[in-house]
Amino acid sequence: MKKVFVFLGQGSQYKEMGYDLYKNNHVFRRSIEESDIIIQKYLNRSLIEELYTNDEKYFDDLLITHPAIVAVEIAMYDVLKSLGIFPDYVIGNSLGEFAAGVVGGIWNSSTAIEASIVQAKCIEKKGLIGGGGMIAVIDQEQIIDKHSFLNYNLYLASNNFEGHYTVSGLNKDLEDYQYFLKDQGVHFIRIPVEVPFHSPLMDDSMLDFKKYLTTLEGMNQHPNKKFISGLNCTQLDIIPNDYFAQIASKYINFSKAVEYIESKGSFMYIDLGPSGTGSTFVKYNLTTTSQGSNTFSIMSAFKNENERLSELKKILKPADLQSH
């Protein structure tokens, strides 16, 4: 059974994500501890404390959620590796490309964590945090014109699957659009992100990050054959210097990326993101012509990751596992 690892980005985070594994899986815990050392070095804050031990109810500070998502996804990858579960392909969506880049041979875990921190700092420096956000629109009945957001000075951030897309912009414009959606009876979700990702509003904040990327040691611009670009919806022989800046500011077409992967055969898509959103996105992109592809998620707010890992091992045959 061929496998695709899927990593998601901002908006998938929540307090105590991966806690079941942190408590009970030494590989996951060691990986988180290694990331915590890097985060303490650059932020003078503890990932473990803010994610698992303090009493703060909210977990929405970009400076910590940005590297936290990457750290948790890398830790999940480390767990699967320890079980002999390796992907044939890997794809990241938005920030998920940082962890996908580790699997794809672009950089190592430490560099990915460091880069996510620097990107968050660049966004904070330009004063974008708290000034904007994103809305996921769920309009499978096609009640409204899918370009109606343009009337509210908003930007199309991503196409997730048919009838489900994300728009990005400033808070006042988002609030006006929410009133419109409510009036039209269209379902929507205000994503727990305080930054207008995947819009031109991000361009200025990415200038310093682009400079950082050009001087970054340890980044390989030639990904391995497993890496499928979520930004370009295809395999890349070489990624540009500013690739990881583009994934924060450019439009994402997740549907097209899944279509590209499906053209290569049937797969089990294993979601390594914190919330299971990746497997949901893939599931609704799989058409009736998909040749037996399916999805599997591990982490969720239910905190039953060890149970889900046991289920995954039962599904996979010995031939699907590799010695390590």
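Laboratory data are not the source of any read-out in this text; all were calculated from the coordinates shown. Since the structure is predicted, the reported quantities are computational estimates derived from the model, not experimental observations. As a convention, Cβ positions derive from the backbone with ideal geometry for all residues, glycine included, and neighbour counts pool all protein chains shown.
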Study note, to complete from the structure: For LYS172, counting only lysines whose alpha-carbon sits under 23 Å away and dropping same-chain residues fewer than eight positions off, the answer is LYS125, LYS126, LYS146, LYS182, LYS250
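Using a Förster distance of 25 angstrom, determine the FRET efficiency expected from the C-beta separation of TYR52 and PHE302, and round it to 0.05.
In this case the efficiency is close to 0.95.
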Exercise for review: Return the loop-located chymotrypsin sites (Phe, Trp or Tyr not before Pro) in the range 245-324 (DSSP other than H, G, I, E, B) with at most 13 other Cβ atoms within 10 Å of their own Cβ; answer none if there are none.
Suggested key: PHE302
Practice item. Set the Förster distance to 51 Å, then compute FRET efficiency between MET1 and ARG45 from the Cβ-Cβ distance, nearest 0.05. Key: 0.80
**Study point:** In order through the range 5-19: 3J(HN,Hα) via Karplus (6.51 cos²θ - 1.76 cosθ + 1.60), integer Hz, x for Gly, Pro
**Key:** 8, 10, 10, 9, x, 4, x, 8, 7, 7, 4, 6, 4, x, 5
Point to revise | Length added when fully stretched, SER110-PHE180, from 0.36 nm per residue minus Cα-Cα | key: 20.8 nm
Practice item. Using Cα centres only, tell me the gap between the range 14-85 and the range 182-208 in whole Å. Key: 25 Å
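Considering only DSSP states other than H, G, I, E and B, which chymotrypsin sites (Phe, Trp or Tyr not before Pro) in the range 1-69 qualify as loop sites with at most 11 other Cβ atoms within 10 Å?
When the chymotrypsin sites (Phe, Trp or Tyr not before Pro) of the range 1-69 are filtered for loop state and at most 11 Cβ neighbours within 10 Å, TYR58 remain.
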Review point. Mean Kyte-Doolittle of at least -0.5 and a Cα length of 18 Å or more along the axis: which whole DSSP H helices of the chain meet both?
Key: 26-43, 62-82, 109-125
**Study point:** Helical mean residue ellipticity (222 nm; -39500 (n - 2.57) per DSSP H run of 4+; nearest 500) of the chain
**Key:** -12500 deg cm²/dmol
Study note, to complete from the structure: In debye to the nearest 20, the charge dipole size for the range 132-190, taken about the Cα centre with +1 at each Lys and Arg Cβ and -1 at each Asp and Glu Cβ, equals 160 debye
Point to revise | Cα centre as origin, Lys/Arg/Asp/Glu Cβ charges: the chain dipole, Debye | key: 800 debye
Revision key, fill the gap. So, over other residues within a Cβ distance under 15 Å of LYS283, counting Lys, Arg +1 and Asp, Glu -1, the net charge is -4
Exercise for review: Lys and Arg at +1, Asp and Glu at -1: add these up for the other residues within a Cβ distance under 12 Å of ASP320 and post the number.
Suggested key: +4
Revision key, fill the gap. Of all C-alpha pairs within the range 132-190, those more than 17 angstrom apart amount in percent to 23 percent
Revision key, fill the gap. Subtracting the Cα-Cα distance of HIS187 and GLU16 from 0.36 nm times their residue separation yields 58.8 nm
Review point. Based only on the alpha carbon positions, what is the Kirkwood hydrodynamic radius of the chain, in angstrom?
Key: 19.9 Å
**Study point:** Positive minus negative residues near PHE98 (Lys, Arg vs Asp, Glu; Cβ under 14 Å)
**Key:** -3
Study note, to complete from the structure: SER82 and LYS172 label points (each 7 Å along its Cα→Cβ direction) are spaced in nm at 5.1 nm
Check your understanding: For THR295, which sequence-distant residues (separation of 5 or more, or a different chain) have an amide H within less than 5 Å of its own amide H, given hydrogens modelled in the peptide plane?
Key -> TYR269
Study note, to complete from the structure: Stretched fully, the stretch from ILE238 through THR215 gains (0.36 nm per residue minus C-alpha distance, one decimal, in nm) 6.6 nm
Check your understanding: With each pseudo-label sitting 7 Å past Cα toward Cβ, what's the LYS256-HIS222 distance in nm, one decimal?
Key -> 2.7 nm
**Study point:** Calculated FRET value between LEU207 and LEU150, using beta carbons and R₀ = 25 Å, to 0.05
**Key:** 0.45
